[in-house]
Amino acid sequence: MSFENIIGQKKVVSILNRAIISNRMPHALLFHGPDGVGKEAVAFETAKSLLCQKDELYCDDCSDCKRVAQLSHPDLIIIFPSPKEPKIDEVKAIRQSLTDNPYFRTQLWAKPFILINTIRNLKKTVSMSSYENKGRVVIMLDAHRMTIEAANSLLKILEEPPGKITIILVSSKPDLLLSTIVSRCQRIKFNPLTWSDIESALIERENISAEQANIVARMSFGNYRRALDLLDENINEKQDLMIDILRKLIKNDLELMLSVENVIRQEDLKSIKEILALMMVWFRDAMVYESLNEENECREKIINADKLDTLQKFINSFEAIDYDQVLQKIEHAIEIIDRNVYLNLILLQLLFELKKLLRRKKHV
């Protein structure tokens, strides 16, 4: 058995399988790519392959594989960003979330880092012999969150790896890592998951209907974690609210302002960001629709395929739309929401800017 628990990522799995079978696994790997695409899950399955005493790849049934799955193997070291003095219960909660579902790690802290003391402790541990004869595996999650001091300390381990050790760095932002660290790792790129991969995984793992899985998969942007988040939300309600907000753009300014106040009163920050994300999807679909001719092709490539009639009417209501400008405005609003307490001003500014960009056809 090899990597059967992984969603998609066939190219990545093929590369790692070849390295394991040929016994040519590098001492340092960098798994990089977007969030929610399985980097952590593949890292843990790789650890099973490296620590399993039975099979060439891994059996997923022996005590070694089971201990890796529970993150309790003595030769497996898991590092992730944390505050300077994290609470034991919080650390346990994060580790438990990784064993429950490596695609859905619990996020407890706003701005955690991997600190120098963590790497110093790692140095002490790896300088000693491993407990068993397969060596050690170190998995560092969100490696880009190392402080400069921690990164320089890790560099010394990478330059002179002690004994039999495999270090797997996991990062969605490899450009933030020291170039000297990146150059000492074999880079393994993870791409966004396909709609079909996410749809199949949702049906098999979350026991939801094919229709719901299809809609959620299309809105996940290749991110399985986002797909799981969307399962907890009423997407249809948010879609309807988003479309209603866009309809208000052709009304008078007072109605638009009242609409914003109503949204802020009824929705939390996360929901508002989701609504804006759905708005980006809507305009992305409008842009795709205008570039296609066949309706069947539209239904294949459009995320809001279940609302195609509404999308057509929306597009036909306006003169030529500058989609680049529209998408940039929405994306900017999403980015600054977390940094600005004046949420109503952000939303009002965005909607008034969209109102200028969306010119209604005179005959409508």
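The values are calculated or read from the model by the stated rules, or taken from the named source; none is laboratory data. No experiment lies behind these values; they were computed from the predicted model shown. Neighbour counts are summed over all protein chains in view; Cβ atoms, including those assigned to glycine, are modelled from backbone coordinates with ideal geometry. For accessibility, only protein heavy atoms count, side chains too; no ligands or nucleic acids. Shrake-Rupley method; radii C 1.70, N 1.55, O 1.52, S 1.80 Å.
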| request: Please list the non-local residues whose amide H lies under 5 Å from the amide H of residue 109, H modeled 1.01 Å from N, same-chain partners needing a gap of 5 or more. | output: none
| note | Residues whose modelled amide H sits under 5 Å from the amide H of residue 167, counting only those 5 or more places away in sequence or on another chain, are 28, 29, 138
| query | Ordered by packing density, taken as the mean number of other Cβ atoms within 10 Å over each peptide's residues, highest first, how do 132-139, 98-105 rank? | reply | 132-139, 98-105
| query | Using the Cα atoms of region 220-364 to build a convex hull, what is its mean projected area in square nanometres? | reply | 9.0 nm²
| remark: Taking only the alpha carbons of region 203-286, the radius of gyration and the largest Cα-Cα distance, Dmax, both in angstrom, are 14.4, 48
| message | Here is the link list: 11/54; 66/273; 173/329; 248/301. Which ones come out longer than 30 Å on Cα distance? | response | 66/273
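Quick one: grab the alpha carbon gyration tensor of region 45-201, order the square roots of its eigenvalues as a ≥ b ≥ c, and give me rounded if a/c is under 1.5, else prolate or oblate depending on whether a/b is larger than b/c.
rounded
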| Percent carbon-and-sulfur accessible area, the chain, ignoring ligands, DNA and RNA, probe 1.4 Å | 47 percent
| task | Give the accessible surface of the chain per residue, rounded to a whole number of Å², with probe radius 1.4 Å and ligands, DNA and RNA excluded. | result | 52 Å²
| said: Relative to 2.2 N^0.38 Å, what does the C-alpha radius of gyration of region 1-107 come to as a ratio? Two decimals please. | reply: 1.09
| Radius, Kirkwood style, for the chain when every pair of distinct Cα atoms is counted (Å) | 23.0 Å
| task | Rank 219, 140, 280 by mean-square fluctuation in a GNM of the chain with C-alpha springs under 10 angstrom and give only the top-ranked residue. | result | 280
| query | Tell me, what is the 1.4 Å probe accessible area of residue 301, in Å² to the nearest 10? | reply | 90 Å²
